[in-house]
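**Student:** One structure, pasted below without further comment.
The values are calculated or read from the model by the stated rules, or taken from the named source; none is laboratory data. Source: prediction; values computed, not measured. Using ideal geometry, Cβ is built from the backbone for each residue, glycine included, and neighbour counts are taken over all protein chains shown.
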Amino acid sequence: MTSARYWIPRECQKPSVILARMTKELSTIIDFIRYGASRFGGAGLTFGHSYDNALDEATHLVLHALHLPHDLSPAYGQSKLTAKEKKTVLALIERRVKEHKPVAYLTGEAWFAGLKFKSDERALVPRSPIAEMILNGFLPWLDGVPVRRALDLCTRSGCIGIAMASHNPDWQVDLVDISDKALSLARENILFQNVEGRVRAIKSDLFAKLDGAVYDLIVTNPPYVTTQEFAALPPEYSHEPALGLKAGADGLDFALRILDEAPKHLSRDGWLICEVGESEHALVKLLPRLPLNWIEFEVGQMGVFAIAREDIVKHAKAIKAALGTRHVKAASKRKQV
């Protein structure tokens, strides 16, 4: 006995027919969020640009497409979409699947530390556990330490520094990056968040153009993806500037330079907060005696350390030696080439 086969007319397999069927079967906001999450999950997309799961990404995309606030009350979940709204939402869902472009780039916005920022391919999508530290007032590290000036080094879109200024109205904050494109986006976000009176953007290769400026707090999320990790990144990351990700064989090309140069730009009781992600292990192995305070977040440890200026100074020779060894190896490789 042969199994039955169901024949689907060719015209019913056309994208236009499928779209028409979807717009008929899906009706409410909840329907489209659920469909988007299922579509994303089924397509095997990678999450990690502001959101770590399909449901949150779908929620962001659907609410943005409908011009609704991200904290919309669940009471509106059963609201029905118009035919035009359905097509708009479905088109964005399909772009996310086919292009593997992060949702923040599709919508042009991202949320960080409770604030909305402009986001596009000029800079990495805002994402860092440092947002939690900003909302917690950098406690216990800044407990009793007055902050007048703060620096967001490797600022990209400006989200960290602008969030620091927004949550601390008496702080003056500098944003530093080497990328003209990133700085143009950061300046737009300065205006977008109305902090232009207390925040400025400066083009500099780390501290090179800061002319002896001194800060009570330096916060940095520099590139820290290793060469090997970068080659294996999912397609979502190909939409982001490589300049903001790549950091050499062990991911420490920038973190070591920052540790070496930071004391000149920190006040006596100043602190350095630095994110190095998975390169944490390489840093601990390279400088085992450096007293790095690895920070525990709500979701656990995530490769962010805090260190006081005085501790960096005490271990300055070891830091410089590690950096020097690195330069010697790099020079040797160039000669071989």
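**Student:** Can you work out which of the residues in the stretch 259-292 that are part of a helix (DSSP H, G or I) and within 19 Å of the chain's Cα centre (by Cα) is nearest to Asp180 (Cα to Cα)?
**Tutor:** Going through the qualifying residues, I end up with Gly277.
**Student:** Looking at Pro74 and the list (1) touching a residue at least 24 places away in the same chain (Cβ under 8 Å); (2) farther than 14 Å from Thr107 by Cα, which single condition is not satisfied?
**Tutor:** Unmet condition: (1).
**Student:** Can you name the condition, by its number, that Asp52 falls short on among (1) in a helix (DSSP H, G or I); (2) without any contact (Cβ under 8 Å) to a residue 40 or more places away in the chain; (3) out of contact with any Ser or Thr (no Cβ under 9 Å at 6 or more places or on another chain)?
**Tutor:** Of everything listed in (1) in a helix (DSSP H, G or I); (2) without any contact (Cβ under 8 Å) to a residue 40 or more places away in the chain; (3) out of contact with any Ser or Thr (no Cβ under 9 Å at 6 or more places or on another chain), Asp52 misses just condition (1).
**Student:** Applying the selection to the stretch 36-45, what residues are within 15 Å of Leu106 (Cα to Cα) and either hydroxyl-bearing (Ser, Thr, Tyr) or part of a loop (DSSP other than H, G, I, E, B) (or both)?
**Tutor:** Correct list: Leu45 only.
**Student:** Continuing with the same structure: Tell me yes or no: at least one residue of the stretch 13-21 is at pLDDT 60 or above and on the phi < 0 side of the Ramachandran plot.
**Tutor:** yes
**Student:** Shifting gears a bit: Return yes when Val176 is touching a strand residue (DSSP E or B) at 6+ places or on another chain (Cβ under 6 Å) and at pLDDT 95 or above and no when it is not.
**Tutor:** yes
Here is a yes/no grid of residues against (1) surrounded by 14 or more Cβ atoms within 10 Å (Cβ to Cβ); (2) small (Gly, Ala, Ser):
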position	(1), (2)
Gly248	yes, yes
Arg257	yes, no
Ser279	yes, yes
Arg289	no, no
Ile295	yes, no
Gly300	no, yes
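**Student:** While we're looking at this one, here's another question. Which members of the stretch 196-230 meet the condition of being under 16 Å from Ala186 (Cβ atoms), assigned to a strand (DSSP E or B) and of a type outside the set (A, V, I, L, M)?
**Tutor:** Across the stretch 196-230, the qualifying residues are Arg200, Lys203, Thr220.
**Student:** Now a separate question. Look through Leu243, Leu233 and report the one residue that is in a helix (DSSP H, G or I) and out of contact with any helix residue (DSSP H, G or I) (no Cβ under 7 Å at 6 or more places or on another chain).
**Tutor:** The match here is Leu243.
**Student:** Right, here's the next one. Residue by residue through the stretch 101-121, note down the ones that are closer than 22 Å to Phe297 by Cβ and either among the β-branched types (Val, Ile, Thr) or in a helix (DSSP H, G or I) (or both).
**Tutor:** Result: Ala104, single match.
**Student:** Report whether or not Glu236 is out of contact with any Ser or Thr (no Cβ under 8 Å at 6 or more places or on another chain) and not aromatic (Phe, Trp, Tyr).
**Tutor:** No.
**Student:** Tell me which residues, restricted to the stretch 138-195, are within 13 Å of Ala123 (Cα to Cα), touching a residue at least 24 places away in the same chain (Cβ under 8 Å) and charged (D, E, K, R).
**Tutor:** Hits for the stretch 138-195 are Arg156, Asp177, Lys181, Arg187, Glu188.
**Student:** Here is a follow-up. Just to be sure, is Leu72 at pLDDT 90 or above, in a loop (DSSP other than H, G, I, E, B), within 29 Å of Asp120 (Cα to Cα) and in contact with a helix residue (DSSP H, G or I) (Cβ under 8 Å, 6 or more places away or on another chain)?
**Tutor:** Spelling it out, Leu72 is indeed at pLDDT 90 or above, in a loop (DSSP other than H, G, I, E, B), within 29 Å of Asp120 (Cα to Cα) and in contact with a helix residue (DSSP H, G or I) (Cβ under 8 Å, 6 or more places away or on another chain).
**Student:** Suppose the filter is crowded, with 17+ Cβ neighbours inside 10 Å, free of Cβ contacts under 8 Å to residues at least 40 places away in the same chain and outside the structural domain of Leu245 (by TED's automatic domain parsing); does Leu90 pass it?
**Tutor:** Criteria not met by Leu90.
**Student:** Continuing with the same structure: Based on what the data block shows, is Glu310 surrounded by 20 or more Cβ atoms within 10 Å (Cβ to Cβ), in a helix (DSSP H, G or I), charged (D, E, K, R) and at pLDDT 95 or above?
**Tutor:** The answer is no for Glu310.
**Student:** Of all residues being of a type outside the set (Val, Ile, Thr) and closer than 15 Å to Arg156 by Cα in the stretch 192-206, which is surrounded by the fewest Cβ atoms within 10 Å (Cβ to Cβ)? Just the residue, please.
**Tutor:** Asp205
**Student:** Specify the residue that is farthest from the chain's Cα centre (by Cα); the eligible residues are those in the stretch 218-242 that are among the aliphatic types (A, V, I, L, M) and surrounded by 17 or more Cβ atoms within 10 Å (Cβ to Cβ).
**Tutor:** Here the residue is Ile218.
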